[in-house]
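The values are calculated or read from the model by the stated rules, or taken from the named source; none is laboratory data. Quick caveat, the model's predicted, so the values are computed rather than measured. Please note: Cβ atoms are built from the backbone with ideal geometry, for glycine as well, and neighbour counts cover all protein chains shown. Surface accessibility is based on the protein's heavy atoms, side chains included, excluding ligands, DNA and RNA. Shrake-Rupley method; radii C 1.70, N 1.55, O 1.52, S 1.80 Å.
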Amino acid sequence: EKPHRVLLLGEGNFSFAASLCGATGTHVVATCYESEEEVSGWEGAAENIQRLRERGAEIVFSVDCTKLKDYFLPEKREFDRIYFNFPHCGRKAGVVKNRELLSLFFHSSAEVLAEEGEVHVALCNGQGGTPADQPQREWHNSWQIVAMAAGAGFILSNVHPFKAETIHGYKSTGYSSLRVTFSLQGWRLHNVFVPFVPLLDHFPVKLWQGFLERNSHHPVRTVKEKLTAGLSQAFPLQNIDCCPSPLHQRHLSEVCHSNLFWIGLSPEETPSAEEMSHGLANAVSFSPADPCRDTDRSGWVDAQEGSCVSNLYYLRPSLLPCAQAIIRRGAFLPGTLHVLSGPVFRKCLIAPYSMPVFHEMVFMCAVGRDAENSCIQMLVNSIKTSIHSLQTVSGLKANVRLQEATTFETAELSDFAAFESQLSKTEYFILMEVDTFSSCEQGSCVGVVRTAYDEPVSSELVVVFVSLNLDLLAMLLCGIADWRTLWTSDRRFLLQFPRGELRLFRSFSLYPPSYEHDVSFWVPDGEQFDEVTFHTIAREVSGETVVSIQLIDSFQHPELGRKSLCYRLTFQSCEKALSRQKVAEMQLLFRKEINQRLRVTLR
């Protein structure tokens, strides 16, 4: 392989470059802000420059780090690593000037950085403004390196001490104009990585990422395979490989229409039966539609464009109706455990464990009425055993238990409370606790157990359904705190799970900046405010970067009787750079959308 091209900026006496030059697989390009004549008079500089040239390194003088592309030909602009040790504007420049220097430097680096390249910046302790600095300065008195990098599309991936004593021959020179040596105590090296793929660009239709495909190493598939293998030890098992299309045209009486994702299609956009069977591969251009806004019976209104569409589809909110349809077709063997899995979609409030899309796994088995309880216990025990075998790999301790539905606070449920089938009765919730990693005090609900007595299998049989949220199971077992991370296309995520092994997840974005914006408005007279749609619009316009929505004030006008609400939105990305300017643009778009779609009057 060709050697990594390493660009060193702000070299003083070139002692850092001299120590790095000659490393295997590395081609060094060392630069400094001063001219060669000025630098040559500094202690040790001439010897280091000569050593670099003898070893084949490139040396460029009078380089401005804010205009890097001006100093290299187009074919030589791609660097795999860029190092900038202790940048400073010089003399008594304050934090504002040095923030500006960092911002311009990161924008300039983005123009000469290779794909999957890295930018390394060393700062003195306290300058960065991150929790890695001890003691940590107040935000306004720091260089705010994470925010400056985010403006150019970078995220902070790692922070560790700058160990100058391990760099042979290295000697700091201080500001170029003063040549005052730094104290070595408390130096930090900040590694800033370029994010590869934006998160969840298309909403609500997620790109079909093939988590459950045979060649997938995604942790969701690993959990599915372990559960299937564990249950096959206790039951004869039949996998139902043909999962029905996630697009449907008929209405579900069991589900509130406001909790469904509706998609309006014109006749030329309507997918064929073959396309429908292959899922959502071509669905990224579909537009969300609102069935409640149709003005006549001839068509539906596109929720974003306001145009009329002739065909309306919804994305399936559960696999249970699919499972029940399989039973009715007669393709069902009593005593055999049938397994069905695939993605499901539901509108929901914004929360770390509340997923608008996740992979559901349904087990169903027909047994005699007198064997119902023993079947449920065998199913849950097999699930417990499988999860315990997985937790030994990830290192987290999990506790799985059943709780009767009559004693469980359904308000704490994020996904399963959204779908209550009229054809089956919820008997138990499957709760899982992983150390202190839990969405509520009573544990995270990872599944439900339902029974149905009127399925046309036999009058003497009862059908037991177990529905599991595979995504939530993977999150709890791998210590993933945000569901959005599970759906990232960034290869750094899957690299942490080689060959499908479950491991404790390590975030590749440290100290991501967060931004808060408030929005207040008058609710239309005589209408019930639709908070789920409010949250859904926030998901759409922000590209899933809104992590929290809180009601901070409610006001009823004493004379007019009008009601005003004020919400606080918190924006934060778990994998991509998020700048203040980008968030401000999202907030303006959000205000416009809620005004048009919820008919609120902005204040």
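For the residues 148, 364, a 1.4 Å probe over the protein chains yields an accessible-area ranking, largest first, of 148, 364. Residues whose amide H comes within less than 5 Å of that of residue 427, counting only those at least five positions distant or on another chain, are 449, 450, 451 (H built at 1.01 Å from N in the peptide plane). Per-residue 3J(HN,Hα) values for segment 217-224, derived from phi via the Karplus relation 6.51 cos²θ - 1.76 cosθ + 1.60 with θ = phi - 60°, read 10, 5, x, 5, 5, 4, 4, 4 Hz in sequence order (x marks Gly and Pro). Taking a ≥ b ≥ c as the square roots of the eigenvalues of the Cα gyration tensor, segment 49-111 is oblate, since a/c reaches 1.5 or more and a/b is not larger than b/c.
Hey, if you put +1 on the Cβ of every Lys and Arg and -1 on every Asp and Glu Cβ in segment 480-603, which of 583, 523, 480 ends up farthest toward the positive end of that dipole? Comparing the listed Cα positions along the dipole, 480 ranks first.
Among the trypsin sites (Lys or Arg not before Pro) within segment 560-600, those in coil by DSSP and having at most 16 neighbouring Cβ atoms inside 10 Å are 562, 599. Considering only beta bridges that DSSP places wholly inside segment 4-195, some 40 percent are antiparallel. Close amide H partners of residue 548, meaning residues 5 or more places away or on another chain with modelled amide H under 5 Å apart, are 570. Couplings 3J(HN,Hα) of segment 559-575, computed from phi: 9, 7, x, 6, 10, 10, 10, 10, 10, 10, 9, 10, 9, 6, 10, 8, 8 Hz, in residue order, whole Hz [Karplus 6.51 cos²θ - 1.76 cosθ + 1.60, θ = phi - 60°; x for Gly and Pro].
Rank-order 314-322, 551-559 by packing density, defined as the average count of other C-beta atoms within 10 Å over each peptide's residues, highest first. Can you show the working numbers first?
Details: 314-322: 23.2, 551-559: 9.3.
Peptide ranking by packing, descending: 314-322, 551-559.
If contacts are Cα pairs under 8 angstrom and at least 6 residues apart, what is the relative contact order of segment 509-603 in percent? Could you put the intermediate results ahead of the total?
Numbers: 142 pairs, mean separation 40.7, N = 95.
Relative contact order, segment 509-603: 43 percent.
What does the charge count around residue 502 come to, taking other residues whose C-beta lies under 15 Å from its C-beta (Lys +1, Arg +1, Asp -1, Glu -1)? Working shown, then result.
Numbers: positive: 221, 224, 226, 397, 499, 503, 506; negative: 225, 471, 501.
That works out to +4.
Among the listed pairs 2/582; 226/397; 67/97; 224/397; 67/163, which have their C-alpha atoms separated by more than 26 angstrom in this model? Flagged as over cut-off: 2/582; 67/163.
Projecting the Cα atoms of 124, 49, 10 onto the charge dipole of segment 4-195 (Cβ charges, centred on the Cα centre) puts 124 farthest toward the positive pole.
Computed from backbone phi, the HN-Hα couplings of segment 504-517 come to 5, 6, 10, 4, 9, 9, 8, 6, x, x, 10, 9, 10, 9 Hz, rounded to whole numbers (Karplus: 6.51 cos²θ - 1.76 cosθ + 1.60, θ = phi - 60°; Gly and Pro given as x).
Near residue 225: Cβ cut-off under 13 Å, other residues only, Lys/Arg at +1 and Asp/Glu at -1. The net charge is +3.
Quick one: dipole size for segment 4-195, taken about the Cα centre, charges +1 on Lys/Arg Cβ and -1 on Asp/Glu Cβ, in debye to the nearest 20.
Numbers: 18 positive and 22 negative charges, 91 e Å.
The dipole of segment 4-195 has a size of about 440 debye.
Mind ordering 56-62, 74-80 by average Cβ neighbours within 10 Å, highest first? Each step should come with its number before you reach the end.
Values: 56-62: 16.1, 74-80: 13.9.
The packing order, highest mean first, is 56-62, 74-80.
Near residue 380, once Lys and Arg are set to +1 and Asp and Glu to -1 for all other residues with Cβ below 12 Å from its Cβ, the sum equals +1.
At q = 0.11 Å⁻¹, what log₁₀ I(q)/I(0) does segment 514-602 have when each alpha carbon counts as one equal point scatterer in the Debye sum? The Debye formula, applied to the Cα set alone, gives -0.31.
Taking amide H atoms as placed 1.01 Å from N in the peptide plane, the amide H of residue 237 lies under 5 Å from those of 337, each 5 or more residues away in sequence or on another chain.
When the P(r) is computed for segment 4-195, the part past 22 Å accounts for 44% of the Cα-Cα pairs. Using a probe of 1.4 Å, the accessible surface attributed to residue 534 totals some 0 Å² when neighbouring protein chains are kept in position. Applying 1/(1 + (r/R0)^6) with r as the Cβ-Cβ distance of residue 580 and residue 160 and R0 = 25 angstrom yields a FRET efficiency of 0.35.
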